[in-house]
Amino acid sequence: MERFNYKKSQDVLALSASFTDFAYKKHCHEEYAVGVTLRGIQQYNLDGQYQASHQNGVMLFNREQSHDGSSYDREGIDYVMLYLKPDLVEEIIGKKELRFGSPIVYDPELARKILMLNDAVQLRQDEAECCERVFDLVHLLAQKEITKLWVPQDSLVRKAKEMMLCSTEDVLKLDNLSAEFGMSKFQFIREFKSQAGISPYQFFLNCKVERARQSIEKQKDVYTAVADCGFVDLTHLNRHFKRVFGVTAYEYMLQLN
């Protein structure tokens, strides 16, 4: 059985999921992702390191941190995940980013805050209440010993991403990107992969899927997302969307309506 239930408030995307056989392909998110394993063992490779979150494990993903994901065994997993926009986090804690030093912690207070916010979004509670819970969660995350506050810095990945986002409707132009950094194509691929954990092509495709998701949230129309983000057709978008979010783009649109 697969269940991926997405709901969105003004500030947060919340996922409540259960599955046994499904496996996420390697991807990353623009947002911070924080979640709680409710049942089973959730396993994933994070920046190439194997992780296993058991019941009540709080999972912490830095923004744009590459990972996959699956259930450890046939017992399956239940979990919730919240996606926090970087500009929202910066607005709450100042012009800084969060950097989580541990990918999994067993912290009842933090787990409770995540579950309370997930419930508020999933049950479509009052927006003011959701805002307060977001504020409380981000402040708590910033105060934890495992968290460092980081002043945003330019990097090859960030600069390359800005260039990619200007042309998500096109194919990836490696020659242009590598030339911008004074590298050959293969030097650029090597350097990018060492920093991002995934190849430029995977990252570019991930950007297209993320932009499609944002288009769906704004326009409530999957076909606009297909056209705006350079997918061949809806089947093409659905295939890549499901590998990252567990549901097709069309199913995602229906859940948000």
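The values are calculated or read from the model by the stated rules, or taken from the named source; none is laboratory data. Here the structure is a predicted model, which means the values were calculated and not measured. So basically every Cβ, Gly included, is an ideal-geometry build from the backbone, and we count neighbours across all protein chains shown. These area figures cover heavy atoms from the full protein model, side chains too; ligands, DNA and RNA do not enter into them. Shrake-Rupley method; radii C 1.70, N 1.55, O 1.52, S 1.80 Å.
If you roll a 1.4 Å probe over the chain with all protein chains in place, what percent of the accessible area is carbon or sulfur? Don't jump to the answer; show the numbers that get you there.
Values: 6050 of 12360 Å².
Carbon and sulfur atoms account for 49 percent of the accessible area of the chain.
If R₀ is 45 angstrom, what is the calculated FRET efficiency for the pair residue 201 and residue 257, using the beta carbon separation as r and rounding to 0.05?
Working: r = 32 Å, r/R0 = 0.72.
According to the calculation, E is roughly 0.90.
Could you give the length gained on full extension between residue 217 and residue 115, defined as 0.36 nm per residue of separation minus the Cα-Cα distance, in nm?
Working: separation 102, 0.36 × 102 = 36.72 nm, distance 2.29 nm.
Value of the extension gain: 34.4 nm.
Per residue, how many Å² of accessible area does the chain show with a 1.4 Å probe?
Values: 12360 Å² over 257 residues.
Accessible area per residue: 48 Å².
First select every other residue whose beta carbon is under 12 angstrom from the beta carbon of residue 82; then total the charges, Lys and Arg +1, Asp and Glu -1.
Details: positive: 7, 8, 85, 113, 133; negative: 11, 31, 119.
Within the 12 Å Cβ shell, the charges total +2.
Given the DSSP H assignment, sum -39500 (n - 2.57) over each helix run of at least 4 residues in the chain and divide by its residue total; what's the result at 222 nm in deg cm²/dmol, nearest 500?
Values: 10 runs with 116 residues, N = 257.
That calculation yields -14000 deg cm²/dmol at 222 nm.
Would you kindly state how much longer the chain becomes between residue 150 and residue 49 on full extension, computed as 0.36 nm times their sequence separation minus their alpha carbon distance, in nm to one decimal? Walk me through the numbers before you get to the answer.
Values: separation 101, 0.36 × 101 = 36.36 nm, distance 2.23 nm.
That pair, residue 150 and residue 49, stretches by 34.1 nm at full extension.
Relative contact order of segment 157-257: what whole-number percent is it, with Cα pairs under 8 angstrom and at least 6 residues apart? Walk me through the intermediate numbers first.
On the way: 91 pairs, mean separation 22.1, N = 101.
Relative contact order, segment 157-257: 22 percent.
Can I get the semi-axes of segment 177-257's equivalent ellipsoid? Compute them from the C-alpha gyration tensor as square roots of 5 times the eigenvalues, in angstrom, largest first.
29, 12, 10
Lysines within cross-link reach of residue 25: Cα-Cα under 27 Å, excluding same-chain residues under 8 positions apart?
7, 8, 85, 159, 161, 173, 185, 193, 208, 218, 220, 242
Hey, can you list the DSSP H helices of the chain whose Cα span along the axis is 27 Å or longer and whose average Kyte-Doolittle score is at least -1.0? Could the numbers behind the result be given before it?
Numbers: long enough: 200-219 (28 Å, -0.96).
Long hydrophobic helices here: 200-219.
With a Förster radius of 30 Å, plug the Cβ-Cβ distance of residue 131 and residue 162 into 1/(1 + (r/R0)^6) and report the FRET value to the nearest 0.05.
On the way: r = 29 Å, r/R0 = 0.98.
That pair, residue 131 with residue 162, gives E of 0.55.
Under 14 Å from the Cβ of residue 3, count the other residues' Cβ atoms, weight Lys and Arg +1, Asp and Glu -1, and hand me the total. Show your work: numbers first, answer last.
Numbers: positive: 7, 39, 242; negative: 2, 21, 78, 251.
Here the count lands on -1.
Taking the alpha-carbon centroid of each part, what is the distance from segment 1-70 to segment 144-205 in angstrom?
Between the Cα centre of segment 1-70 and that of segment 144-205, the gap is 23 Å.
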